Amino acid sequence: MQNDQKNFDVLVAGGGQAGIIAAICAAEKGAKVCLLEGAPRTHRGGNTRHTRNLRPMHIGPLSVLSGTYDEDEYWDDLMRVTKGKTNEELARMTLRRSTECVEWLEKRGVQFQPPLGGTLHLGRTNAFFMGGGKQLLNALYRHGEKLGIEIHYDAMVSDIEFEDDAFKNVTVNDQKIYAKSFVAAAGGFEANIDWLKEAWGDVAENFIIRGTPYNTGGLLKLLLKNGAEQIGEPDQCHAVAIDGRAPKFDGGICTRVDCVSLGVVVNKNAERFYDEGEDFWPKRYAIWGRLVAAQPDQVAHVIIDQKAKGSFMPPVFPAETANTIPELANKIGLNAETLEKTISEYNAAVQPGDFDHTELDGVHTEGLDVNKTNWARPIDTPPYSAYCLRPGITFTYLGVAVTDKAQMKMANGALCKNVFAAGEIMAGNVLGQGYLAGIGMTIGNVFGRIAGNEAANHALNR
Amino acid sequence: MRLTDKVNEAARVLTICNACRYCEGHCAVFQAMELRLEFNADNLDYMANLCHNCGACYHNCQYAPPHEFNLNVPAALAELRQENYGVFAWPGFMGKLFTNNGLWVTLLSVLIITAFIVGTSLTVGEDFFQTHDNAFYGIIPHNNLVAIFGSVGAFVAIALLASITKFWQTMRLPNPFSLDWGRVMQGVKDALTLKYLDGGNGQGCSYPDETPSMSRRWFHQFTFWGFMLCFAATSAGTIMHYAFALPAPYDFISLPKVLGVLGGIGLIVGPLGLLHIKAKATPDVKGKTNKGMDVSFLVLLLLTSITGLILMAVRDTALVGIMLSLHLGVVLTLFLSMPYGKFIHGFYRLIALIVFAIEKEKHEAIVGVDIPEKE
Ligand SMILES: Cc1cc2nc3c(=O)[nH]c(=O)nc-3n(C[C@H](O)[C@H](O)[C@H](O)COP(=O)(O)OP(=O)(O)OC[C@H]3O[C@@H](n4cnc5c(N)ncnc54)[C@H](O)[C@@H]3O)c2cc1C
Ligand code: HEM
Ligand code: SF4
Ligand code: SF4
């Protein structure tokens with residue numbers, strides 16, 4: 001950046017979908033816009049890079065979506081996962097305005113995947129991005145460049161200055177940048193291990209971060225320090241069980257292990273600790289992050305036999321395999337005797353029944369401390385395979401409170417007139433807990449558009 | 001089966017893709033991949049020949065370098081393609097020519113063109129730099145031409161047929177009489193329309209850079225149809241010569257001429273365009289070891305059409321001798337390099353697309369699946 005003082009109509013911090021969408025909306029209104037992305041060009045786009053779909057409400061078929069997904073059904077789904085932890089007014093507005101998401105994106109060059117009949121295709125509720133979230137980002141950044149948005153990479157906001165409860169400037173790489181309105185879209189703080197440790201203790205050292213290393217929550221902290229109203233608690237995060245060999249950051253989707261319900265899971269002491277067959281895996285994978293986090297050394301191992309081979313999504317790392325259980329135990333560093341005991345007790349407790357992985361088949365064990373309530377088949381057909389599991393953090397819920405105009409609320413009850421927030425940094429307003437596939441991108445899209453428009457309106461005195 | 005570095009890299013890459021699957025909408029490679037849990041040389045060779053090197057899945061990949069997974073599907077598959085062209089070559093030892101393809105094609109063309117010029121100027125003697133009444137055959141007698149091109153053509157045909165047969169068998173296709181012709185037509189259609197250079201939604205492929213574009217598809221169509229028209233022109237000439245006793249040279253409004261001129265233009269526009277966008281594309285993205293092969297083929301096609309059109313223009317001038325030698329030298333090199341250069345891709349790609357049409361309909365993997373041993 002040059003040395004002369006920078007002055008913009010709208011300044012956006014964070015270059016994920018919420019940020020780039022807000023920047024585009026503001027620029028389309030004629031505002032002079034600057035986007036500050038903390039990551040380098042190659043890592044631009046935060047967690048958005050790892051996403052695959054969003055969830056628009058629609059009455060009748062919409063672009064790549066079939067059928068109808070109306071407000072009532074959507075609302076029920078949201079209530080089910082959040083257990084009521086939501087702001088109804090904001091949530092209902094989000095659902096209604098999600099109808100526009102697909103067309104808005106398509107008009108700006110984003111491609112959605114036409115029906116294929118492929119494994120990822122849900123068809124009715126979720127619209128999948130062709131090639132994933134990075135395709136969406138590439139298209140939006142291209143569009144943003146055409147609109148003349150000034151985009152800076154490696155531009156971490158390190159300080160922010162308020163005057164009379166209104167935004168004045170930010171500091172980036174020791175330079176101050178001024179603007180009439182500010183959009184905060186810098187994601188959550190899931191990549192900030194120290195902050196996670198404040199809430200979780202030392203176990204957080206063993207967490208794997210599924211998304212970008214750049215979401216360290218610096219901006220969120222600055223806003224809270226300057227009097228923003230907090231929403232959510234620091235120990236709340238979306239944690240799933242993923243392959244323990246995943247990279248520390250940015251492992252994304254491919255590190256999932258989808259065979260828990262087909263086998264048994266043991267901890268470091270070779271003991272089972274939770275019902276693996278409680279429900280379908282997509283409904284359960286998000287509780288297993290916490291379950292594994294509660295085990296010694298935050299590690300677990302899922303063990304399956306040959307019968308389960310091929311009936312789940314192929315994992316990215318090869319399994320450890322062996323022809324006997326003790327041999328397998330040695331390979332994965334567990335006590336061979338204990339593991340053999342755990343497996344044989346489990347096998348002996350399996351009750352007869354017709355195994356069917358497509359439904360809750362009720363094939364269960366009896367008489368164990370921890371029973372398996374569905375899909376319980378004996379682990380008895382070699383070769384045996386083991387995958388190591390660790391907690392993988394997807395995102396955090398703590399954020400700043402906003403209005404339906406995406407305007408940031410202050411803890412003292414006032415509204416901050418020129419600060420708007422969008423995306424994960426405020427998603428907790430709508431999604432207080434739990435998760436619904438595609439809701440993150442939907443919130444970011446809706447609030448990104450609102451924040452961009454409102455920020456431009458404020459700056460241009462409209 | 002083969003366990004080379006290129007095979008291992010392709011297997012590593014597709015194992016990650018198979019756990020991710022975000023790109024399944026882009027092209028046939030990912031749909032073929034999803035039918036499989038494990039990868040081996042056979043099914044990787046198949047998927048490598050399905051990949052159109054469009055680049056979409058590289059630019060859209062969340063694991064592209066500098067990510068530690070260092071994922072680059074188009075590069076891995078392009079480099080594997082070049083390796084497997086060598087594996088399927090006939091006779092086997094000639095497969096080595098694919099390793100330094102650009103180099104040997106260049107050397108061969110220099111050699112052959114020089115041989116032509118020296119050979120003809122020696123036989124024609126002082127008349128080499130003269131105009132000739134009966135144009136071409138005044139320089140090289142028709143029978144000599146037939147002898148040279150006939151024998152080279154026969155060898156090339158045998159070599160191509162042998163390579164194609166080997167590939168056909170590896171792709172597990174049945175004998176041609178028990179093929180499902182509906183699927184074959186689907187494969188032919190996908191090949192002729194270059195369906196998988198459309199990015200998945202008709203937006204175009206990410207070539208030469210991230211922005212979707214139709215330019216590669218169009219320039220390839222120019223190249224392809226340009227080549228086909230030139231081929232048709234030569235065939236028409238041959239038929240007219242033998243069947244109707246109408247030897248060359250032909251009038252401007254005659255079948256071989258019209259086809260030849262149109263084809264020649266296509267074969268200038270196409271390769272020039274392809275070379276132009278190739279120069280703009282980052283080589284790392286599209287594979288490194290295969291570049292020499294691609295470029296030498298493009299240059300050879302371009303030289304064929306340029307020398308052909310110039311030859312037509314200078315037919316009645318003193319330059320006809322040198323131009324004819326040049327043109328024939330280039331064409332002969334093109335011929336000889338067909339089984340041992342990029343030209344072979346058309347056949348393998350067509351076969352791979354037919355197999356894909358069959359697999360897609362059956363929703364079942366065919367290539368690279370273990371066949372139970374016969375008892
Ligand atoms: C593996 C994975 C898969 C997911 N899949 C889906 C899905 O399929 N559907 C869905 O709806 N949701 C999904 N999510 C959730 C989704 O990623 C988020 O809801 C969404 O991307 C949030 O967008 P955002 O723009 O708010 O944040 P991000 O996309 O994370 O962007 C935040 C940006 O802010 C930048 N930044 C951070 N701090 C600063 C600073 N101080 N100054 C300047 N810039 C800064 C970062 O570099 C980053 O680019 C997934 C998440 C993960 C991790
Ligand atoms: C079945 C028919 C064919 C198909 C499906 C096909 C497909 C393709 C594809 C997908 C590419 C890009 C990937 C790569 O470099 O391998 C390509 C490259 C190329 N093809 Fe073809 N092709 C066919 C026939 C032909 C023919 C007959 C010619 C001309 C004689 C030709 C000339 C070229 C050239 C010159 C390139 C290199 C382009 C470059 O490197 O940028 N193709 N072809
Ligand atoms: S290329 Fe990358 S994004 Fe696409 S399927 Fe493979 S791993 Fe996933
Ligand atoms: S480069 Fe294009 S054709 Fe090749 S695998 Fe990727 S998307 Fe498919």
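Can you confirm whether A:GLY123 is touching a residue at least 60 places away in the same chain (Cβ under 8 Å) and either surrounded by fewer than 20 Cβ atoms within 10 Å (Cβ to Cβ) or within 14 Å of chain B (Cβ to nearest Cβ) (or both)? Against the criterion (touching a residue at least 60 places away in the same chain (Cβ under 8 Å) and either surrounded by fewer than 20 Cβ atoms within 10 Å (Cβ to Cβ) or within 14 Å of chain B (Cβ to nearest Cβ) (or both)), A:GLY123 does not qualify. The set of residues in the stretch A:310-329 that are within 16 Å of A:GLY244 (Cβ to Cβ), touching a residue at least 12 places away in the same chain (Cβ under 8 Å) and within 14 Å of chain B (Cβ to nearest Cβ) comprises A:PRO315, A:VAL316, A:PHE317, A:ALA319. Set side by side, the residues A:PHE189, A:PHE207, A:PHE249 differ, and just one is in the same structural domain as A:PHE317 (by TED's automatic domain parsing) and crowded, with 19+ Cβ neighbours inside 10 Å, which is A:PHE249.
State yes or no: is B:HIS220 surrounded by fewer than 20 Cβ atoms within 10 Å (Cβ to Cβ) and closer than 27 Å to A:GLY109 by Cβ? It is true that B:HIS220 is surrounded by fewer than 20 Cβ atoms within 10 Å (Cβ to Cβ) and closer than 27 Å to A:GLY109 by Cβ. Return yes when B:LEU80 is over 21 Å from A:PHE317 (Cα atoms) and more than 13 Å from chain A (Cβ to nearest Cβ) and no when it is not. For B:LEU80, the condition - over 21 Å from A:PHE317 (Cα atoms) and more than 13 Å from chain A (Cβ to nearest Cβ) - is met. Looking only at the stretch A:191-200, decide whether some residue is away from ligand 2 (no atom under 16 Å from the Cβ) and under 24 Å from A:HIS152 (Cβ atoms). Scanning the stretch A:191-200 turns up at least one residue that is away from ligand 2 (no atom under 16 Å from the Cβ) and under 24 Å from A:HIS152 (Cβ atoms).
Take the stretch B:31-53 and flag every residue that is part of a loop (DSSP other than H, G, I, E, B) and within 12 Å of ligand 3 (Cβ to nearest atom). Step through it out loud before you land on a result.
Here is the first cut: in the stretch B:31-53, the ones part of a loop (DSSP other than H, G, I, E, B) are B:35-40, B:51-53.
Passing the criteria: only B:CYS51.
Selection of first residues in the stretch A:253-274 that are closer than 14 Å to B:CYS20 by Cβ and of second residues that are assigned to a strand (DSSP E or B) and of a type in the set (D, E, K, R), restricted to Cβ pairs under 7 Å at least 6 apart or on distinct chains, gives the following pairs, ordered by first then second residue: A:THR255/A:ASP243; A:VAL257/A:ASP243.
Considering each of B:LYS257, B:LYS278, B:LYS360 in turn, give the residue that is assigned to a helix (DSSP H, G or I), within 14 Å of chain A (Cβ to nearest Cβ) and away from ligand 3 (no atom under 16 Å from the Cβ). Before you say what the answer is, go through the steps one by one.
Numbers: B:LYS257 fails: within 14 Å of chain A (Cβ to nearest Cβ); B:LYS278 fails: within 14 Å of chain A (Cβ to nearest Cβ).
Of B:LYS257, B:LYS278, B:LYS360, the one residue that is assigned to a helix (DSSP H, G or I), within 14 Å of chain A (Cβ to nearest Cβ) and away from ligand 3 (no atom under 16 Å from the Cβ) is B:LYS360.
In this entry, A:THR358 passes the filter for residues that are more than 14 Å from chain B (Cβ to nearest Cβ), closer than 27 Å to B:LEU37 by Cα, free of Cβ contacts under 8 Å to residues at least 12 places away in the same chain and hydroxyl-bearing (Ser, Thr, Tyr).
Is it the case that A:ARG272 is touching a strand residue (DSSP E or B) at 6+ places or on another chain (Cβ under 7 Å) and either of a type in the set (A, V, I, L, M, F, W, C) or surrounded by 22 or more Cβ atoms within 10 Å (Cβ to Cβ) (or both)? Give the derivation first.
Numbers: touching a strand residue (DSSP E or B) at 6+ places or on another chain (Cβ under 7 Å): yes; either of a type in the set (A, V, I, L, M, F, W, C) or surrounded by 22 or more Cβ atoms within 10 Å (Cβ to Cβ) (or both): yes.
Considered against the rule, which asks whether it is touching a strand residue (DSSP E or B) at 6+ places or on another chain (Cβ under 7 Å) and either of a type in the set (A, V, I, L, M, F, W, C) or surrounded by 22 or more Cβ atoms within 10 Å (Cβ to Cβ) (or both), A:ARG272 comes out as yes.
Every condition in (1) assigned by TED's automatic domain parsing to the domain that holds A:ALA308; (2) at pLDDT below 95 is met by A:VAL264 except one, and the failing one is (2). Checking each residue in the stretch B:111-138 for being within 17 Å of B:TYR250 (Cβ to Cβ) and surrounded by 15 or more Cβ atoms within 10 Å (Cβ to Cβ) picks out B:HIS132, B:ALA135, B:PHE136, B:TYR137, B:GLY138.
Results for (1) at negative phi; (2) within 14 Å of chain B (Cβ to nearest Cβ); (3) surrounded by fewer than 23 Cβ atoms within 10 Å (Cβ to Cβ), shown as yes or no for each residue.
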site	(1), (2), (3)
A:ASP9	yes, no, yes
A:GLY16	yes, yes, no
A:ILE24	yes, no, no
A:GLU28	yes, no, yes
A:GLY38	yes, no, no
A:ARG41	yes, yes, yes
A:SER63	no, yes, yes
A:TRP75	yes, no, yes
A:THR82	yes, no, yes
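Hey, which of the helices (runs of 4 or more DSSP H) in the stretch B:61-144, taking only ones fully inside, have at least 3 residues that are within 17 Å of the chain's Cα centre (by Cα) and not aromatic (Phe, Trp, Tyr)? Spell out how you get there, then give the answer.
Numbers: elements: B:73-87, B:101-124, B:135-139.
Output list reads B:73-87, B:101-124.
Being assigned by TED's automatic domain parsing to the domain that holds A:GLN298, surrounded by 16 or more Cβ atoms within 10 Å (Cβ to Cβ) and of a type in the set (Gly, Ala, Ser) is the requirement here; does A:ALA401 meet it? So A:ALA401 fails the test. Does any residue of the stretch B:189-196 turn out to be within 11 Å of ligand 2 (Cβ to nearest atom) and touching a Gly at 6+ places or on another chain (Cβ under 7 Å)? Scanning the stretch B:189-196, I find no residue that is within 11 Å of ligand 2 (Cβ to nearest atom) and touching a Gly at 6+ places or on another chain (Cβ under 7 Å), so the answer is no.
Scan the stretch B:207-225 and give yes if some residue there is over 22 Å from B:LEU334 (Cα atoms), within 16 Å of ligand 3 (Cβ to nearest atom) and either modelled with pLDDT under 90 or in contact with a strand residue (DSSP E or B) (Cβ under 7 Å, 6 or more places away or on another chain) (or both), otherwise no. Yes, the stretch B:207-225 has at least one match.
Being in contact (Cβ under 8 Å) with a residue 60 or more places away in the chain, more than 8 Å from every other protein chain (Cβ to nearest Cβ) and out of contact with any Gly (no Cβ under 7 Å at 6 or more places or on another chain): is that true of B:VAL87 here? Step through it out loud before you land on a result.
Numbers: in contact (Cβ under 8 Å) with a residue 60 or more places away in the chain: yes; more than 8 Å from every other protein chain (Cβ to nearest Cβ): yes; out of contact with any Gly (no Cβ under 7 Å at 6 or more places or on another chain): no.
In short, no.
Looking only at residues in the stretch A:240-261 that are assigned to a strand (DSSP E or B) and within 11 Å of ligand 1 (Cβ to nearest atom), which one is modelled with the lowest pLDDT? Within the stretch A:240-261, the match that is modelled with the lowest pLDDT is A:ARG256. Exactly one residue among A:LYS134, A:LYS176 is assigned to a helix (DSSP H, G or I) and either modelled with pLDDT under 95 or out of contact with any Asp or Glu (no Cβ under 6 Å at 6 or more places or on another chain) (or both), and that residue is A:LYS134. Contact map, the stretch A:73-102: residues that are free of Cβ contacts under 8 Å to residues at least 12 places away in the same chain paired with residues that are part of a helix (DSSP H, G or I) and aromatic (Phe, Trp, Tyr), Cβ distance under 9 Å, separation 6+ or inter-chain. Pairs shown: A:GLU88/A:TRP75.
Tell me the residue from B:ARG21, B:ARG12 that is more than 8 Å from ligand 3 (Cβ to nearest atom), among the basic types (Lys, Arg) and surrounded by fewer than 23 Cβ atoms within 10 Å (Cβ to Cβ), please.
Among B:ARG21, B:ARG12, only B:ARG12 is more than 8 Å from ligand 3 (Cβ to nearest atom), among the basic types (Lys, Arg) and surrounded by fewer than 23 Cβ atoms within 10 Å (Cβ to Cβ).
Yes/no matrix, rows are residues, columns are (1) within 26 Å of B:ALA89 (Cα to Cα); (2) crowded, with 16+ Cβ neighbours inside 10 Å; (3) within 14 Å of chain A (Cβ to nearest Cβ):
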{"position": "B:PRO174", "(1), (2), (3)": "yes, no, no"}
{"position": "B:SER178", "(1), (2), (3)": "yes, no, no"}
{"position": "B:GLY187", "(1), (2), (3)": "yes, yes, no"}
{"position": "B:ALA191", "(1), (2), (3)": "yes, yes, no"}
{"position": "B:ASP198", "(1), (2), (3)": "no, yes, yes"}
{"position": "B:THR211", "(1), (2), (3)": "no, no, yes"}
{"position": "B:ARG216", "(1), (2), (3)": "no, yes, no"}
{"position": "B:TRP225", "(1), (2), (3)": "yes, yes, no"}
{"position": "B:LEU229", "(1), (2), (3)": "no, yes, no"}
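Would you point out the residue of the stretch A:302-325, among those that are in contact with a Leu (Cβ under 7 Å, 6 or more places away or on another chain) and of a type outside the set (A, V, I, L, M), that is surrounded by the fewest Cβ atoms within 10 Å (Cβ to Cβ)? Ranking the candidates gives A:GLY310 first. When restricted to residues that are more than 10 Å from every other protein chain (Cβ to nearest Cβ) and in contact with a Phe, Trp or Tyr (Cβ under 7 Å, 6 or more places away or on another chain), the stretch B:15-35 contains 3.
The values are calculated or read from the model by the stated rules, or taken from the named source; none is laboratory data. None of the values given here were measured: they were computed from a predicted structure. Counting neighbours? That spans all protein chains shown, and the Cβs are built from the backbone with ideal geometry, glycine included.
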